[in-house]
Amino acid sequence: MQTVVLRVTDVEPLDGYRLRINFNDGVVREVDFAPELQHAEGTLLEPLRDPAYFRLVRVDPDARTIVWPNGLDPDPEVLHGDYQPAEASKHPNHAAA
């Protein structure tokens with residue numbers, strides 16, 4: 001059985017800090033980054049607090065995920081919902097992206 005490498009195929013910024021993300025397996029997810037941005041001081045997430053910067057997100061076909069100009073490129077498996085991000089254990093009171 002052949003394993004399919006999960007890839008982000010399209011991203012659309014929505015209202016607030018939400019993104020609609022399409023994957024090569026047909027799954028479409030709406031991911032809310034607002035909870036993570038509350039704890040973003042001193043991290044690659046901090047610039048995303050600026051709504052105009054947040055909307056600069058794009059798909060990088062080489063990285064197979066979304067990216068921002070500062071190099072932040074979340075793992076597609078985490079965005080897909082297959083795994084919790086490593087930071088989730090530090091902030092148990094909010095949902096992970």
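The values are calculated or read from the model by the stated rules, or taken from the named source; none is laboratory data. Remember, predicted model here, so these are calculated numbers, not experimental data. When we count neighbours, we look across all protein chains shown, and the Cβ atoms used for this are built from the backbone with ideal geometry, even at glycine.
Among the residues of segment 1-54, just one is surrounded by fewer than 16 Cβ atoms within 10 Å (Cβ to Cβ) and among the aromatic types (Phe, Trp, Tyr), namely 53. Pairing residues of segment 18-34 that are farther than 13 Å from residue 77 by Cβ with residues that are outside any strand (DSSP E or B) and β-branched (Val, Ile, Thr), at Cβ distances under 7 Å and at least 6 apart in sequence or on separate chains, gives 19/57. In segment 55-65, which residue that is of a type in the set (Lys, Arg) and modelled with pLDDT of 95 or more is surrounded by the most Cβ atoms within 10 Å (Cβ to Cβ)? Checking each candidate, the answer is 55.
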